Amino acid sequence: MPDQDGAPLAGAGVAAVAGPARTGAAELRGAAILVEGLVKVYRGPGGLRAVDGIDLTVGEGELFGLLGPNGAGKTTTVGVCTTRIRPTAGRVAVGGIDVVAQPARAKRSIGVVSQYNTLDRACTVWENLYLHCRYFGMNKRSARARSDELLAMFQLGDRAKASVFALSGGLAQRVQLARALAHYPRVLFLDEPTAGLDPQSRLALWDVVRDLRKTGVTVLLTTHYMEEADALCDRVAVIDHGKILVCDQPDRLKRQLGASVVVHLHLGSAAVGGSVTADLAADLAAEPGVLAVEPTEDGLRVLASAGDGLVPRIVAAAMGVGLTDLSLTEPTLEDVFIKLTGRDLRD
Ligand SMILES: Nc1ncnc2c1ncn2[C@@H]1O[C@H](COP(=O)(O)OP(=O)(O)O)[C@@H](O)[C@H]1O
Ligand SMILES: [Mg+2]
């Protein structure tokens, strides 16, 4: 079914952000999101520290990424920021308002899109928007006007009367985004907004998220897709086991690897995992310019600073060990994650 997942966000210039409404302690001002020493321990066997001392500052208008594998603590962090989860320790301010001390107030500056479809299935697309507007205190007339405006902004006009059940995953996320913005929040939390979407719908949602920045809204986006963090975010914090490992602009994170090329060596199945591969890995690691050698499912991945014929030397060494294929890529955030944790983001 051809839907409008691919259409750009119309009227993105429409002011989606309300005027300043900051209050709270002076030191909480200035940042759109301020997270200090955040800890969340879930009750139960072992008392899991899902979030283990996180500090974050997200500036006004920034598109900030929290990148980490499943179970890293992303949803818990977002849950605290959006007043859904009470922290064990630390504090969080959104738009200068302490979310624990003043949750109702903080919620007015917050829009949330979760990974799951939380639209009201008893209502149409338009009714979902309208009810949200009413919930946030708009009178009937303003709520009607805002709902119409959002449908137009998000190219959902022809879906106004559609049942939520009739929406593709990509369109449902688009409606959730429209709903999240309905009350003019200053800060938007997108928790794995593209998880489970097909690649085409994912790319289409990226366009919608990119367009959001023109509205000036601050966005905190969580994802376990490193391409997504790289493509969308001004800054990315890599999170694992409830801790932030690094936080910087994607390009800077990649540059800090010190590698200019990643050589992916695909070895014959006989060689993979065997002592021959281990010997090759050791030989390659000793080459000047080779920064790291990691095993992969079907061979080795070599992080290197190219130059002085290094890549040909790597290839020559691998030829004797059943090299079946090879590819060269630039370093990615995946490589950053592997360097930091020794694991693949997908593990
Ligand atoms: N309500 C809960 N009770 C107990 N443990 C939880 C609860 N929610 C999440 N967890 C655990 O906390 C850790 C972090 O989860 P979560 O914040 O959902 O991570 P992510 O969103 O990065 O996948 C995981 O180990 C998860 O199993
Ligand atoms: Mg999650």
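Put simply, the amide H of L188, placed in the peptide plane, has neighbours under 5 Å in G111, T218, V219, L220, leaving out anything fewer than 5 places away on its chain.
Extending 7 Å from Cα along the Cβ direction at E297 and again at E227 yields two label points whose distance is 1.5 nm. Relative to the longest principal Cα axis of the chain, at what angle does helix 140-153 sit, 0 to 90 degrees, rounded to 10? Approximately 30 degrees, to the nearest 10. The alpha carbon gyration tensor of segment 42-199 gives principal lengths a ≥ b ≥ c with a/c of 1.5 or higher and a/b greater than b/c, which makes the shape prolate.
Assuming 0.36 nm per residue, please report the length gained on full extension of the stretch E60 to R121 beyond their Cα-Cα distance.
This chain segment gains 18.6 nm when fully extended.
Show which lysines lie in cross-link reach of K254 when reach means a straight Cα distance below 29 angstrom and same-chain residues fewer than eight apart are skipped. Straight-line reach from K254, under 29 Å: K74, K214, K243, K339. Ordering L171, L310, L48 by the number of other Cβ atoms within 10 Å of each residue's own Cβ, fewest first, gives L48, L310, L171. If you bin all the Cα-Cα distances of segment 204-347 at 10 Å, starting from zero, the percentages per bin are 11, 36, 29, 17, 6, 1.
The separation of segment 287-347 from segment 194-230, counted between C-alpha centres, amounts to 29 Å. Please report, to two decimal places, log10 I(q)/I(0) for the chain at q = 0.06, 0.07, 0.09 Å⁻¹ as given by the Debye formula with identical point scatterers on the Cα atoms and no solvent. Calculated log10 I(q)/I(0) at the listed q: -0.27, -0.36, -0.58. Positive end of the dipole of the chain (Cβ unit charges, origin at the Cα centre): among I33, G68, A122, the Cα lying farthest that way belongs to A122. Angle, helix 310-319 long axis vs. longest principal axis of the chain, Cα atoms, 0 to 90°, nearest 10? Here the helix axis deviates by roughly 70 degrees. Placing unit charges on the Cβ atoms of the charged side chains and taking the dipole of the chain about its Cα centre, the candidate lying farthest along the positive direction among V78, A143, A106 is A143. Using a simple spin-label model with pseudo-atoms 7 Å out from Cα toward Cβ, D279 and S163 lie 6.6 nm apart.
Using the Cα coordinates of segment 122-177, the gyration tensor eigenvalues translate into equivalent-ellipsoid semi-axes of 19, 11, 9 Å, sorted from longest to shortest. Where only DSSP H runs of four or more residues are counted, the chain gives -9000 deg cm²/dmol as its mean residue ellipticity at 222 nm, each run worth -39500 (n - 2.57).
Using 0.36 nm per residue of separation minus the Cα-Cα distance, give me the extension gain between L48 and F136 in nm, one decimal. Mind dumping the intermediate values first?
Values: separation 88, 0.36 × 88 = 31.68 nm, distance 3.48 nm.
Working it through step by step, the gained length comes to 28.2 nm.
I'd like the distance between the alpha-carbon centres of segment 56-72 and segment 121-180, rounded to an integer number of Å. Centre-to-centre distance over Cα atoms comes out at 27 Å.
The numbers here are math on the coordinates, done by the rules we state, and not lab data. Given the structure is predicted, the values throughout are model-derived calculations rather than measurements. Every residue, glycine among them, receives a Cβ derived from its backbone with ideal geometry; neighbour counts consider all protein chains shown.
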